[in-house]
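A.B. asks: My structure is below; once you've seen it, I'll send some questions.
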Amino acid sequence: MIVGGGPGGYEAALVASQLGGSVTLVEDEGLGGSAVLTGTVPSKTLIATADVMTEVRESAELGVRLDAAGCADDDPDHGVAVDLSAVNARVLDLATTQSADIAERLRAEHVTILDGRARLDGPERVVATLKDGTEQALDADIVLIATGSRPRELATAPLDGERILSWRHLYALTELPERLIVVGSGVTGAEFASAYDALGSDVVLVSSRDRVLPGEDADAAQVLEDVFTRRGMTVLSRSRAASVVRSGDGVVVTLADGRTVEGSHCLLAVGSIPNTEGLGLETTRVETDRNGSIVVDRVSRTKARGVYAAGDCTGVLPLASVAAMQGRIAMWHALGDAVAPLDLLTVSSNVFTTPEIATVGVSQQQVDDHVVPARQVVLRLRGNPRAKMQGNRDGFVKLFCRSVTGIVIGGVVVAPRASELIYPISLAISQRLTVDQLSASFTVYPSLSGSIAEAARRLHGTRSIT
Ligand SMILES: Cc1cc2nc3c(=O)[nH]c(=O)nc-3n(C[C@H](O)[C@H](O)[C@H](O)COP(=O)(O)OP(=O)(O)OC[C@H]3O[C@@H](n4cnc5c(N)ncnc54)[C@H](O)[C@@H]3O)c2cc1C
């Protein structure tokens, strides 16, 4: 029995079925979960349009002239504008189609799908309340909880879905916010601030910390903050939002120090809450931590025998890729297949801003704090021939390796499409390749990946280059 049909749940269902299990999955809102319907897929689809706008805006330097009739000479968008209702229609269409594709795949693999809400009644029984109001109690040898998370709300900033929004509301907008205040400068806040700025909104990013992206590599975050301000975004650092209220056709955000910021819309991106209430966990030995996340080990076991948990409801690392892997690991373990415990040091992740920030392995913080001894190199993108040709100056490749053996243990790439460039570093880490092995492979000339090989080449020997 699988509760929740996001990546944690549906990937587990596919593995369980492949291994010969009889699988039933209960999903409340739609297959694919928030990853497909309100989180990853819609946001990255919106960002695809934002990327095109950034390219248009920056194309003049490459000699492109798009001057539309009647367009002002100093219009940085060359008269090119975004039709947000068309963009959002595409976003929602893509999400719905992907959800349907997942349903089809699961049915093809003989997974029974129940439309409804489930709770546990002891560790071996799931009670599903179906959309037609009926209840079904189902016995299970193995239960996987993969119920995800939802946006955190603030009592002093009540959402209205029109002007004061969570990320779930964004795709109902039919017009581009004139002035969007984004509260929260973590990954979600930074991504939407970057996207709406590119789409043409005037964006104010309210950050309670010293800099944007407090959880990411500090050098990468600095590049991004510089780019944000250069593009005209207002970044308010060390500014905690105390309240958000509606005022006529707009919103007023009051900061903790009494300053106020006015805008047409406010997006709250202040974290997520695990969906673990009302699940009947008290009828089992499943434990939650003080944030309400389900406590699991590295093979996704909870404290209750036979009950596993995966994804955002565990608070391990809020990524679709991690949710999916936790779900698969749970089923491999439960059904007796070969299984390697989850290793977070091999997880690559990406912030889909412009430029993107991709990271894998040990962090600069761990190296600076001497938690992990390492040598490192940083190569600025502006020295890369392909980047010069494409007019890209912002970004770098950073590589960490073990001091003595030269084995690659971490990396950060800040570049356009960094999400595609991080893979060789990820592969080097998981396969324990040395910097010499990484640099021995050919890269295309000219290419951004050339900087990865070059960074590895510079780490040959014993010196650190910063
Ligand atoms: C704006 C945004 C952008 C993101 N971008 C990325 C990205 O680029 N890359 C990335 O890797 N991650 C990204 N994430 C994170 C990613 O979406 C989550 O980590 C992922 O969705 C977690 O998967 P999950 O299966 O744990 O939960 P979910 O995807 O949330 O699915 C859980 C499902 O369980 C269902 N459910 C809950 N309770 C019950 C119940 N009692 N009975 C039945 N069903 C129930 C819910 O309806 C939901 O469909 C993003 C998140 C957000 C919010």
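A.B. asks: Just one of ARG432, ARG463, ARG417, ARG457 is charged (D, E, K, R) and at pLDDT below 95; which is it?
C.D. replies: ARG463
A.B. asks: Follow-up question, since we're still on this one. Return the residues of region 22-46 that are in contact with a Leu (Cβ under 6 Å, 6 or more places away or on another chain) and either assigned to a loop (DSSP other than H, G, I, E, B) or within 6 Å of the ligand (Cβ to nearest atom) (or both); say none if nothing qualifies.
C.D. replies: VAL26, GLY30
A.B. asks: Does any residue of region 169-183 turn out to be assigned to a loop (DSSP other than H, G, I, E, B), open to solvent by 10 Å² or more (accessible area, probe 1.4 Å), modelled with pLDDT of 95 or more and of a type in the set (Lys, Arg)?
C.D. replies: The answer is no; no qualifying residue exists.
A.B. asks: Right, next: Of the residues VAL56, VAL91, VAL82, VAL52, which single one is farther than 30 Å from VAL307 by Cα, in contact with a Pro (Cβ under 8 Å, 6 or more places away or on another chain) and more than 9 Å from the ligand (Cβ to nearest atom)?
C.D. replies: None of the other options fit; the residue is VAL91.
A.B. asks: In this structure, is ALA340 hydrophobic (A, V, I, L, M, F, W, C) and open to solvent by less than 40 Å² (accessible area, probe 1.4 Å)?
C.D. replies: No.
A.B. asks: For the condition assigned by the TED database to the domain that holds LEU335 and either touching a Lys or Arg at 6+ places or on another chain (Cβ under 9 Å) or at pLDDT 95 or above (or both), what is the one hit in LEU114, LEU159?
C.D. replies: Of LEU114, LEU159, the one residue that is assigned by the TED database to the domain that holds LEU335 and either touching a Lys or Arg at 6+ places or on another chain (Cβ under 9 Å) or at pLDDT 95 or above (or both) is LEU114.
A.B. asks: In this structure, does LEU106 turn out to be under 30 Å from GLY200 (Cα atoms), within 14 Å of the ligand (Cβ to nearest atom) and assigned by the TED database to the domain that holds GLN326?
C.D. replies: In short, no.
A.B. asks: Taking the residues in region 189-236 that are small (Gly, Ala, Ser) and open to solvent by 30 Å² or more (accessible area, probe 1.4 Å) as candidates, determine which candidate is farthest from PRO416 (Cα to Cα).
C.D. replies: Checked region 189-236; the qualifying residue farthest from PRO416 (Cα to Cα) is SER208.
A.B. asks: Still on this structure: Being among the basic types (Lys, Arg) and more than 20 Å from GLY306 (Cα to Cα) is the filter here, so list the residues in region 118-162 that pass it.
C.D. replies: LYS131, ARG150, ARG152
A.B. asks: So LEU213 clears everything in (1) touching a residue at least 60 places away in the same chain (Cβ under 8 Å); (2) on the phi < 0 side of the Ramachandran plot; (3) among the aliphatic types (A, V, I, L, M) except one condition, right? Which one?
C.D. replies: (2)
A.B. asks: Next question. Taking VAL286 and the conditions (1) in a helix (DSSP H, G or I); (2) buried (at least 21 other Cβ atoms within 10 Å of the Cβ); (3) not aromatic (Phe, Trp, Tyr), which numbered condition does it fall short on, given that it satisfies the others?
C.D. replies: Of everything listed in (1) in a helix (DSSP H, G or I); (2) buried (at least 21 other Cβ atoms within 10 Å of the Cβ); (3) not aromatic (Phe, Trp, Tyr), VAL286 misses just condition (1).
A.B. asks: Keeping to region 343-362, report how many residues are open to solvent by 50 Å² or more (accessible area, probe 1.4 Å) and either within 12 Å of the ligand (Cβ to nearest atom) or over 18 Å from ASP297 (Cβ atoms) (or both).
C.D. replies: 1
A.B. asks: So which of VAL371, VAL408 ends up being more than 22 Å from the chain's Cα centre (by Cα), surrounded by fewer than 22 Cβ atoms within 10 Å (Cβ to Cβ) and of a type in the set (A, V, I, L, M)?
C.D. replies: Testing whether each residue is more than 22 Å from the chain's Cα centre (by Cα), surrounded by fewer than 22 Cβ atoms within 10 Å (Cβ to Cβ) and of a type in the set (A, V, I, L, M) leaves just VAL371.
The values are calculated or read from the model by the stated rules, or taken from the named source; none is laboratory data. No experiment lies behind these values; they were computed from the predicted model shown. In this analysis, Cβ positions are derived from the backbone assuming ideal geometry, glycine residues included, and neighbour counts consider all displayed protein chains. Side chains included, ligands, DNA and RNA excluded: accessible areas come from the protein's heavy atoms. Shrake-Rupley method; radii C 1.70, N 1.55, O 1.52, S 1.80 Å.
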